[in-house]
Structures are given as structure tokens and as C-alpha cells.
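Where a number appears in this text, it was derived from the coordinates with a stated rule and is not lab data. Being a predicted model, the structure only gives us computed values, none of them experimental. Counting neighbours? That spans all protein chains shown, and the Cβs are built from the backbone with ideal geometry, glycine included.
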Ligand code: FES
Ligand code: FES
């Protein structure tokens, strides 16, 4: 009699089944396809062909594997090992470690009894302060390098990192250096008034040689490289992302011009670097606090030359004025980022509503005086956040059902109308809606 467990019975050495089950939006269990499994299964199949290995490998699609809350899921035979995965990096690791070397990917394993999936914690970079300089009034320039001297993760112009402060806070700072320089990140940090703790801690406590943890770079303010001309408008500390943009535009030979406004020279960070990067493609406005002496936005933005795009970063008044003055420009040609919340979202009246945490089998009520983030934490689910003002994108969550009322300044108008994601620190549900969240 043949032994059913004999390896000789295997037609494939490794047989992978990736669930690509589809369910309509709004189902409380969600589905693997709603969480991106169709594209990831195709990616895995394509990448498997590159594996330098003699194993007979098959990557198949499957229907629902009944572990929807943990999805996207895959099961790998003959061992019957289950994995949850989120993105192409996870797939690469499963291929290169489990399949090519037979080494389990512990961080993605799901065990046989597991029914819920805690929100994933972001990976942290270990950085060292290599230089600090107060280069404008209450504004410091920091250079951060990798603690072990390795190359830093790449970033795109407009990106930011979050620093984890000694008081357990997490604060976002735009990257101001050359995105092609893998050896250092450059930040400009202004002391906040009133301070919420982050900038005070950095400026008062962090010195050359100190270590600090940071998130990987993320970008809510990307450059559209298809534009024929880039108009950069910055106010005060809002110059930081423009510095990285200027570096890259200069190296690409793009057409660009910077308009930078500050009260006076003493309050204007990066002045020397602005002169060297932007050369004759910048205009400074020192307004001494008088808005009539600021950047003449109405005339500057009265006409959109060709496929020009405008980028603005700075105080809410400046951002609003640029958005209003360029309202007649083509859709998507105005890009903005601001560091304080819009007043209208702070003042809005709230109603209570319900949310379903699809991966936790939990239904919660969000009271009129609390945010979704607070309600989730009250229920004992740990979840990361940073600004808690709808500015940084750290608390972004996928929506599996229901219609949100977006109040953040991270998503574009197009993304808001798609209703695929929500910033749970500030946005809410539309009246009468229950939100089903991929948490
Ligand atoms: S939808 Fe994928 S396991 Fe159910
Ligand atoms: S924590 Fe920053 S957008 Fe929510």
C-alpha cells in the first residue's frame, strides 16, 4: 500500500493558495479582494518565475478560505502554513524566505486558532543626530543619519517622517534635503506656540550624537512630474518640503520658481540653501506681518500657463488663499500641505454613529464627543496616530462599507469622493451611515 504521507505523492513541492474571494462593499467580514489580494496574487505569480530555485512551485487563486477577518490570506502546502500579507514587500519576503529557503516569515504567520488581527505597527528607523543648527529665530536645522551608518530609505520630494519623542509623542516633519542623498535626512523644526510637546522636546533635548526613532518616509504632498512648470509657494516653516522639491527639480532640469514669504530675514529658514538651489528662480517676500506686503497671489495665479501646477505649504490663511486664487486652474493642478488643522473642521458639530472593526468582530459606538480613534482605543485596540488633527496621514484606514464625512487635509478631493480611505483621528460617518473599517 502506498504511504499517503510520502513526499513522492507530491505533484508540486510547494503549492500556494491565495484567496481572491470578492464580496460587495459593506459586508462586515470584508473580503481578501477588497483588501487587494487580486493584484497581490498576480504579483506573486509573476515574481515566483524569478526565483532561482528548482522547486516545483504553483501559485493558485482560491475562493474564500473562511479566514476573511485576517485577509488577504494564503495557505502554503504541503505544511499547511497560513500567512496574512498586506503588500508586495510581504509577498517578496514569503517567496524569498519561506519558499526559496524554507524559513518561516514569523511576522506574517497566522496560527490555527487566530480569529482577529491587531493593526500592524509601522517599522521604526533608528537614527542619530549628526548636526543641529539654529538657523532662524526658534527654527533649527537637523541632520539625521542611520544609527548603523547604512543607507537610509529613499524618499520622494514632499515626503515626511515621523519622529518618536521621549514623551511618547509622534510628530511629523517634512524632509528638506536632497532625496538622492541616502546618507542623511534634513529637517527644519520650528518651536510650536503653544507647544504640544513635540518641537519643544526636539529643540531642548535632542543634541548631536543622540539617537531618535523615526517612521519610514511617507508622502502626502507628491510632485506631479507631468506638469510643464512648477510654481512653489511657501510661508515660514512651510518651506521645508519645497527644499526637497527644489533639489529634485534642479537635478531634473525642470521648469520651476519659488515664492517664499516670511516676516523678516531672521524668521526665514534655509535662506542660504534657497539661494544656492533656486538661484535666480526664487522671489523672497518679507512682509513684517503685513499681509498686503506678502506674495501677490491674485496676479500670480490669475492665469495657468500651459500645464503649470502650483504647490503651497504654510499657514492655513496662505493655503486657503492659494486654493481660492487657483480655483479656475485645471483639476488636480493645485497641491497643498499645511501643518495646522482647518478651522472649519475643528468647529463642526458632531453626531454619534456606529463603526464595525472588520478584523476584530467588534461593533462600536463613536460618541458625539469622541473621535473614531478614541472609541477604538477605548475598546482596547492599539492603533498608531501622530498629529490627531487630520494632517499627517498616519491614522489612514481602508473603508469596507459606509459613507464617511471627510474632514482631513491629507486626501485629495478625488480620493475623498472615492471613499476608499478615512483619517480616523478627525473624519466621521455621514448621518445615518455605519462605517465598516478594515481594522
Ligand atoms: S474572503 Fe478571503 S478568506 Fe474569506
Ligand atoms: S493622526 Fe495624523 S491624520 Fe490622523
Q.
Which of the three applies to the stretch 72-199, rounded, prolate or oblate, going by the alpha-carbon gyration tensor with a ≥ b ≥ c and a/c under 1.5 meaning rounded?
A. prolate
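State the antiparallel share, in %, of DSSP beta bridges confined to the chain, rounding to the nearest 5. Could you put the intermediate results ahead of the total?
Values: 49 of 81 bridges.
For the chain, the DSSP antiparallel bridge percentage is about 60.
Tell me, what is the Rg over Rh of the stretch 278-333, with Rh the Kirkwood radius over Cα pairs?
Values: Rg = 12.1 Å, Rh = 12.5 Å.
When Rh is taken as the Kirkwood radius, the ratio is 0.97.
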**Q.** Separation between Cα centres of the stretch 371-439 and the stretch 192-238, rounded to whole Å
**A.** 23 Å
Q: Among 119, 72, 404, determine the one that fluctuates most according to a GNM of the chain built with springs between C-alpha atoms less than 10 Å apart.
A: 119
Q) Which angle between 0 and 90 degrees, to the nearest 10, do you get for helix 316-325 versus the longest principal axis of the chain when only C-alpha atoms count? A) 90 degrees
**Q.** Rg ratio (alpha-carbon, reference 2.2 N^0.38 Å) - the chain
**A.** 1.11
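For 66, 90, what ranking results if the residue with the fewest other Cβ atoms within 10 Å of its Cβ goes first? List each step's numbers first, then the result.
On the way: 66 10, 90 20.
In increasing order of surrounding Cβ atoms, one gets 66, 90.
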Q.
If the elastic network links every pair of Cα atoms under 10 Å, which of 373, 258, 206 fluctuates the most in the Gaussian network model of the chain?
A. 206
Q) What ranking of 381, 16 emerges when the number of other C-beta atoms within 10 Å of each C-beta is taken as an exposure proxy, fewest first? A) 381, 16
Q. Rounded if a/c is under 1.5, else prolate if a/b is larger than b/c, else oblate: which is the stretch 345-437, with a ≥ b ≥ c the root eigenvalues of its Cα gyration tensor?
A. rounded
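As a check on your grasp of the helix formula, calculate [θ] at 222 nm for the chain: sum -39500 (n - 2.57) over DSSP H runs of n ≥ 4, divide by the residue count, round to the nearest 500. Each step should come with its number before you reach the end.
Details: 10 runs with 80 residues, N = 439.
That calculation yields -5000 deg cm²/dmol at 222 nm.
Shape call for the stretch 229-341 from the C-alpha gyration tensor, a ≥ b ≥ c root eigenvalues: rounded (a/c under 1.5), prolate (a/b greater than b/c) or oblate? Before the final figure, lay out each step's value.
Details: a/c = 1.58, a/b = 1.07, b/c = 1.48.
Oblate, because a/c is 1.5 or more while a/b does not exceed b/c.
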Q: Out of all DSSP beta bridges with both ends in the stretch 233-392, state the antiparallel percent to the nearest 5.
A: 25 percent
Q: With everything on Cα atoms, drop me the angle between helix 37-48 and the longest principal axis of the chain, reported from 0 to 90° to the nearest 10.
A: 80 degrees
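Antiparallel versus total DSSP beta bridges in the stretch 345-437: what percent is that, nearest 5?
On the way: 12 of 16 bridges.
Bridges in the stretch 345-437 are about 75 percent antiparallel.
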Q: Specify the inter-centroid distance of the stretch 121-154 and the stretch 28-100, based on alpha-carbon positions, in whole Å.
A: 36 Å
Q: May I ask for the Kirkwood hydrodynamic radius of the stretch 7-110, worked out over all distinct Cα pairs and given in angstroms to one decimal?
A: 13.8 Å
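Tell me, 42, 421 in order of fewest to most beta-carbon neighbours within 10 Å?
In order of increasing Cβ crowding within 10 Å: 42, 421.
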